[in-house]
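Colleague: Structure incoming, see below.
The values are calculated or read from the model by the stated rules, or taken from the named source; none is laboratory data. What you see is a predicted model, and the numbers here were worked out from it, not measured in a lab. Cβ placement follows ideal geometry from the backbone for every residue including glycine, while neighbour counts extend to all protein chains displayed. Side chains included, ligands, DNA and RNA excluded: accessible areas come from the protein's heavy atoms. Shrake-Rupley method; radii C 1.70, N 1.55, O 1.52, S 1.80 Å.
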Amino acid sequence: MLREIIIYPDKRLKQLSKPVEKFDQELHTLLDDMYETMIAKNGVGLAGIQIGVAKQVLIINIPIETDSQEPQKQQPKENTLEVINPRILEAEGKNRYQEGCLSVPGYFEEVERYKRVKVEYQDRYGNITIIDDDDFLAIALQHEMDHLGGRLFIERLSLLKRKKFEKEWKKRQKRKGK
Ligand code: CO
(Lines give C-alpha, C1' and ligand atoms only; values in the text may rest on other atoms or scores of the structure.)
Protein backbone atom coordinates (compact mmCIF):
# COMPACT_ATOMS: atom_id res chain seq x y z
CA MET A 1 0.00 0.00 0.00
CA LEU A 2 1.25 3.46 -0.88
CA ARG A 3 1.84 5.73 2.10
CA GLU A 4 2.03 9.49 2.21
CA ILE A 5 5.51 10.97 2.49
CA ILE A 6 5.97 13.71 5.06
CA ILE A 7 7.52 16.84 3.59
CA TYR A 8 9.84 19.39 5.26
CA PRO A 9 9.27 21.46 7.44
CA ASP A 10 6.74 19.07 9.04
CA LYS A 11 7.82 18.68 12.69
CA ARG A 12 7.18 14.93 12.69
CA LEU A 13 10.45 14.55 10.79
CA LYS A 14 12.25 15.67 13.96
CA GLN A 15 10.92 12.79 16.05
CA LEU A 16 13.35 10.22 17.41
CA SER A 17 12.57 6.74 16.13
CA LYS A 18 12.25 3.91 18.65
CA PRO A 19 13.88 0.49 18.36
CA VAL A 20 11.79 -2.28 16.81
CA GLU A 21 11.00 -5.09 19.24
CA LYS A 22 8.58 -7.26 17.30
CA PHE A 23 9.66 -8.75 13.99
CA ASP A 24 6.13 -9.62 12.99
CA GLN A 25 3.70 -9.27 10.10
CA GLU A 26 3.07 -5.63 10.97
CA LEU A 27 6.77 -4.89 10.44
CA HIS A 28 6.82 -6.82 7.17
CA THR A 29 3.80 -4.89 5.88
CA LEU A 30 5.51 -1.65 6.86
CA LEU A 31 8.67 -2.66 4.95
CA ASP A 32 6.65 -3.69 1.89
CA ASP A 33 4.70 -0.42 1.94
CA MET A 34 7.95 1.54 2.29
CA TYR A 35 9.37 -0.17 -0.80
CA GLU A 36 6.22 0.56 -2.82
CA THR A 37 6.18 4.19 -1.69
CA MET A 38 9.88 4.73 -2.36
CA ILE A 39 9.67 3.25 -5.87
CA ALA A 40 6.59 5.33 -6.70
CA LYS A 41 8.61 8.47 -5.90
CA ASN A 42 11.80 7.32 -7.62
CA GLY A 43 13.76 7.28 -4.37
CA VAL A 44 16.76 5.18 -3.42
CA GLY A 45 16.15 5.25 0.32
CA LEU A 46 13.36 5.79 2.83
CA ALA A 47 13.11 5.85 6.61
CA GLY A 48 10.00 4.93 8.60
CA ILE A 49 9.58 8.42 10.01
CA GLN A 50 9.19 9.78 6.47
CA ILE A 51 5.82 8.04 6.35
CA GLY A 52 5.06 8.94 9.96
CA VAL A 53 6.23 5.72 11.63
CA ALA A 54 8.77 6.54 14.35
CA LYS A 55 10.48 3.16 14.34
CA GLN A 56 14.11 2.40 13.61
CA VAL A 57 13.43 1.07 10.14
CA LEU A 58 14.96 2.13 6.84
CA ILE A 59 15.29 0.74 3.36
CA ILE A 60 17.80 1.36 0.60
CA ASN A 61 17.64 0.21 -2.99
CA ILE A 62 20.46 1.39 -5.23
CA PRO A 63 19.39 1.12 -8.89
CA ILE A 64 21.26 -1.43 -10.95
CA GLU A 65 22.48 -0.18 -14.28
CA THR A 66 20.63 -1.84 -17.12
CA ASP A 67 19.54 -0.86 -20.61
CA SER A 68 15.95 -1.17 -19.51
CA GLN A 69 14.08 2.05 -18.89
CA GLU A 70 11.61 0.45 -16.54
CA PRO A 71 12.22 1.75 -13.03
CA GLN A 72 10.72 -1.34 -11.39
CA LYS A 73 13.32 -3.50 -13.05
CA GLN A 74 16.18 -1.24 -12.08
CA GLN A 75 15.26 -1.47 -8.41
CA PRO A 76 13.87 -4.98 -7.97
CA LYS A 77 12.37 -5.69 -4.58
CA GLU A 78 14.84 -8.49 -3.87
CA ASN A 79 17.66 -5.92 -4.04
CA THR A 80 16.18 -3.90 -1.20
CA LEU A 81 18.36 -3.60 1.86
CA GLU A 82 16.05 -3.64 4.88
CA VAL A 83 17.77 -2.17 7.90
CA ILE A 84 16.25 -2.36 11.36
CA ASN A 85 17.74 -1.03 14.62
CA PRO A 86 21.04 -0.01 13.01
CA ARG A 87 24.09 1.23 14.87
CA ILE A 88 27.45 2.35 13.58
CA LEU A 89 30.33 0.20 14.82
CA GLU A 90 33.11 1.90 12.89
CA ALA A 91 33.39 5.05 10.78
CA GLU A 92 36.35 6.61 9.03
CA GLY A 93 37.44 9.03 6.34
CA LYS A 94 35.49 11.77 4.64
CA ASN A 95 33.45 11.89 1.48
CA ARG A 96 31.23 14.45 -0.24
CA TYR A 97 28.23 13.49 -2.24
CA GLN A 98 25.26 15.28 -3.76
CA GLU A 99 22.25 14.16 -1.75
CA GLY A 100 18.52 14.47 -2.12
CA CYS A 101 15.61 13.37 0.02
CA LEU A 102 11.98 12.44 -0.65
CA SER A 103 11.02 14.70 2.28
CA VAL A 104 12.79 17.66 0.62
CA PRO A 105 11.73 16.98 -2.98
CA GLY A 106 13.54 18.70 -5.81
CA TYR A 107 16.49 19.92 -3.74
CA PHE A 108 19.98 18.49 -4.09
CA GLU A 109 23.16 19.56 -2.36
CA GLU A 110 26.57 18.20 -1.43
CA VAL A 111 26.93 16.91 2.10
CA GLU A 112 30.01 15.70 3.94
CA ARG A 113 29.85 12.22 5.46
CA TYR A 114 32.13 9.45 6.60
CA LYS A 115 33.70 7.64 3.67
CA ARG A 116 33.39 4.22 5.25
CA VAL A 117 30.97 2.86 7.82
CA LYS A 118 30.53 -0.52 9.43
CA VAL A 119 26.95 -0.93 10.61
CA GLU A 120 25.28 -3.62 12.66
CA TYR A 121 21.55 -4.05 12.11
CA GLN A 122 18.72 -6.58 12.08
CA ASP A 123 16.83 -7.86 9.07
CA ARG A 124 13.01 -8.27 8.91
CA TYR A 125 13.26 -11.53 10.86
CA GLY A 126 15.49 -10.11 13.59
CA ASN A 127 18.72 -11.72 12.40
CA ILE A 128 21.76 -9.63 13.22
CA THR A 129 23.84 -8.66 10.20
CA ILE A 130 26.88 -6.48 9.60
CA ILE A 131 27.46 -4.33 6.54
CA ASP A 132 30.76 -2.64 5.72
CA ASP A 133 30.87 -0.19 2.82
CA ASP A 134 32.94 2.73 1.57
CA ASP A 135 30.91 3.67 -1.48
CA PHE A 136 27.44 5.07 -2.20
CA LEU A 137 25.79 2.61 0.18
CA ALA A 138 27.80 4.06 3.07
CA ILE A 139 26.46 7.52 2.21
CA ALA A 140 22.88 6.27 1.89
CA LEU A 141 23.10 4.46 5.23
CA GLN A 142 24.27 7.60 6.98
CA HIS A 143 21.55 9.70 5.33
CA GLU A 144 18.79 7.26 6.35
CA MET A 145 20.20 6.74 9.85
CA ASP A 146 20.10 10.52 10.30
CA HIS A 147 16.32 10.31 9.75
CA LEU A 148 16.03 7.88 12.67
CA GLY A 149 17.65 10.56 14.82
CA GLY A 150 15.22 13.21 13.54
CA ARG A 151 17.79 14.81 11.31
CA LEU A 152 17.61 15.86 7.65
CA PHE A 153 20.54 16.30 5.26
CA ILE A 154 19.84 20.02 4.98
CA GLU A 155 20.82 20.29 8.66
CA ARG A 156 24.33 19.27 7.64
CA LEU A 157 24.75 22.16 5.19
CA SER A 158 26.95 25.16 5.91
CA LEU A 159 25.12 28.12 7.45
CA LEU A 160 25.28 30.02 4.17
CA LYS A 161 23.89 27.16 2.08
CA ARG A 162 21.22 26.50 4.67
CA LYS A 163 20.03 30.11 4.51
CA LYS A 164 19.96 29.95 0.73
CA PHE A 165 17.95 26.76 0.91
CA GLU A 166 15.37 28.21 3.34
CA LYS A 167 14.88 31.20 1.05
CA GLU A 168 14.41 29.05 -2.04
CA TRP A 169 12.10 26.67 -0.17
CA LYS A 170 9.85 29.46 1.10
CA LYS A 171 9.61 30.93 -2.38
CA ARG A 172 8.65 27.55 -3.74
CA GLN A 173 5.99 26.96 -1.07
CA LYS A 174 4.48 30.34 -1.88
CA ARG A 175 4.33 29.50 -5.58
CA LYS A 176 2.60 26.24 -4.74
CA GLY A 177 0.11 28.03 -2.53
CA LYS A 178 -1.16 30.21 -5.36
CO1 CO B 1 16.03 11.41 3.28
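Colleague: For the chain, what does the helix formula give at 222 nm: sum of -39500 (n - 2.57) over DSSP H segments with n ≥ 4, over the residue count, nearest 500 deg cm²/dmol?
Modeller: Numbers: 4 runs with 52 residues, N = 178.
Roughly -9500 deg cm²/dmol at 222 nm, from the helical runs in the chain.
Colleague: If you don't mind, there's one more thing I want to ask. Would you work out if the chain is rounded, prolate or oblate? Take a ≥ b ≥ c from the square roots of the eigenvalues of the alpha-carbon gyration tensor; rounded if a/c is under 1.5, else prolate when a/b is larger than b/c, oblate otherwise. Write down the numbers at each step before the final one.
Modeller: Details: a/c = 1.41, a/b = 1.27, b/c = 1.11.
Note, shape of the chain comes out rounded.
Colleague: Tell me, what ³J(HN,Hα) does each residue in region 117-126 have, in order and in whole Hz, if you take phi through Karplus 6.51 cos²θ - 1.76 cosθ + 1.60 with θ = phi - 60° and put x for Gly and Pro?
Modeller: Once rounded to whole Hz, the list reads 9, 10, 10, 9, 8, 10, 8, 5, 9, x.
Colleague: Let me ask something additional. Quick check: at a probe of 1.4 Å, how many percent of the accessible area of the chain sits on carbon and sulfur atoms?
Modeller: Working: 5180 of 10430 Å².
Heavy-atom surface of the chain belonging to carbon and sulfur, 1.4 Å probe: 50 percent.
Colleague: Provide Met38, Met1, Met145 ordered by accessible surface of protein heavy atoms (probe 1.4 Å), highest first.
Modeller: Met1, Met145, Met38
Colleague: When only DSSP loop residues count, what trypsin sites (Lys or Arg not before Pro) in region 7-65 have their Cβ near at most 13 other Cβ atoms within 10 Å? Could the numbers behind the result be given before it?
Modeller: Working: sites: Lys11, Arg12, Lys14, Lys22, Lys41, Lys55; in loops: Lys22, Lys41.
Passing sites in region 7-65 are Lys22, Lys41.
Colleague: Which Cα, out of Tyr114, Val104, Ile130, lies furthest along the positive dipole direction of region 1-148 (beta carbon charges, K/R +1, D/E -1)?
Modeller: Result: Val104, furthest along the dipole toward the positive end.
Colleague: For region 11-176, with every protein chain kept in place, what is the accessible area per residue (1.4 Å probe, Å²)?
Modeller: Numbers: 9440 Å² over 166 residues.
I get 57 Å² per residue for region 11-176.
Colleague: Additional query: So if I place +1 on the C-beta of Lys and Arg and -1 on the C-beta of Asp and Glu, and nothing else carries charge, what would the dipole magnitude of the chain be about its Cα centre? I want it in debye, nearest 20.
Modeller: Numbers: 32 positive and 30 negative charges, 329 e Å.
Roughly 1580 debye, rounded to the nearest 20.
Colleague: Related question: For region 79-156 and region 2-62, compute the distance between their C-alpha centroids and round to whole Å.
Modeller: When both Cα centres are located, 14 Å separates them.
Colleague: A further question on this structure: With labels modelled as points extended 7 Å from the Cα through the Cβ direction, what inter-label distance (nm, one decimal) is found for Asp135 paired with Leu16?
Modeller: For the pair Asp135/Leu16, the computed spacing is 3.5 nm.
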